[in-house]
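The values are calculated or read from the model by the stated rules, or taken from the named source; none is laboratory data. Here the structure is a predicted model, which is why all the values come from computation and not from measurement. Here Cβ is always computed from backbone atoms with ideal geometry, including for glycine, and neighbour counts include all displayed protein chains.
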Amino acid sequence: MNVAFFDMDKTLFAVNSGALWVRRELEAGHITRWQALQAGCFVLLYSLGMLPLEGAILRAISTLRGLAAEPLRERAEEFFQGCLQAVYRPGALLALKEHRRAGDRCVLLTASPSYLAALVARDLRLDGYLSTELEVDGAGVHTGRPRALCFGPGKLRLASAFAERDGVSLAECTFYTDSYTDLPMLDAVGRPVAVNPDQRLRREALRRGWKVVDWGVPEPAGSPSASPGGSAPSLRAPP
């Protein structure tokens, strides 16, 4: 049994959950316009190469200091159901089915926090998830620090430990991602796959002869080919 690791934003999903989360939190009044602007600046600085993405993630986590964990978990579930559950890429769901038929384990590997990763793993009935873990004190309040950062080399460390526990070599595993920042993990697996990749990853994948795939976007709600609950439910694993 081998392992297929899946990135989340722009890979399993056709959207970036972080950007959608900030917008929803602003609309609901959970963050201020200044906080939303700060989040947007972190993303802009990263896109201009002026701030490593790890720095942007750490800055974002630091803004949670003093917030109770339980309300955030509840908002994450509402966010998932309202904004993400219907935007799985069709090709991602088909890939999950193919790996299940082959007897592989399917594992989410994402920099997103565990509050959201756990919901995705449950919804798709994945065999596990590896994600950023937020530090919470004894009173159930965020400290503003990560307990584990699942990004770049951190993704590789967590995936390596997972594979080792299962007695699997990463050389026999598959990893799907859209992002050049996942290069350490792509280098380590035997089957790296670039999914709707960003420009840097597309160039690197073509240079190295890695597989490049287009997993498409979900049908708009209400279209004739979309199921009543969106395109995802009919392709998920049976209970």
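Which members of the stretch 172-217 meet the condition of being surrounded by 14 or more Cβ atoms within 10 Å (Cβ to Cβ) and at positive phi?
So the first thing to find is which residues in the stretch 172-217 are surrounded by 14 or more Cβ atoms within 10 Å (Cβ to Cβ), and the list is 172-186, 188-189, 191-198, 201-202, 204-205, 210, 212-213, 215-217.
Correct list: ASN196, GLY216.
Exactly one residue out of GLY103, GLY49 is modelled with pLDDT under 90 and not β-branched (Val, Ile, Thr): that is GLY49. For ASP127, the requirement of being modelled with pLDDT of 95 or more, surrounded by fewer than 20 Cβ atoms within 10 Å (Cβ to Cβ), touching a Lys or Arg at 6+ places or on another chain (Cβ under 8 Å) and at negative phi is met. Take VAL87 and decide whether it is at pLDDT 95 or above, β-branched (Val, Ile, Thr) and within 15 Å of the chain's Cα centre (by Cα). For VAL87, the condition - at pLDDT 95 or above, β-branched (Val, Ile, Thr) and within 15 Å of the chain's Cα centre (by Cα) - is met.
Go through the stretch 172-188 and give me each residue that's touching a residue at least 12 places away in the same chain (Cβ under 8 Å) and farther than 21 Å from PHE13 by Cβ. Let's see the steps before the verdict.
Step one: filter the stretch 172-188 for residues touching a residue at least 12 places away in the same chain (Cβ under 8 Å), giving 172-186, 188.
Of everything in the stretch 172-188, those that are touching a residue at least 12 places away in the same chain (Cβ under 8 Å) and farther than 21 Å from PHE13 by Cβ turn out to be GLU172, CYS173, PRO184, ALA188.
Within the stretch 154-171, being part of a helix (DSSP H, G or I), touching a residue at least 24 places away in the same chain (Cβ under 8 Å) and surrounded by fewer than 18 Cβ atoms within 10 Å (Cβ to Cβ) holds for one residue alone: SER160. Residue count for the stretch 190-220 under the criterion of being assigned to a loop (DSSP other than H, G, I, E, B), over 18 Å from the mean Cα position of the chain (by Cα) and either among the charged types (D, E, K, R) or under 17 Å from PHE6 (Cα atoms) (or both): the result is 3.
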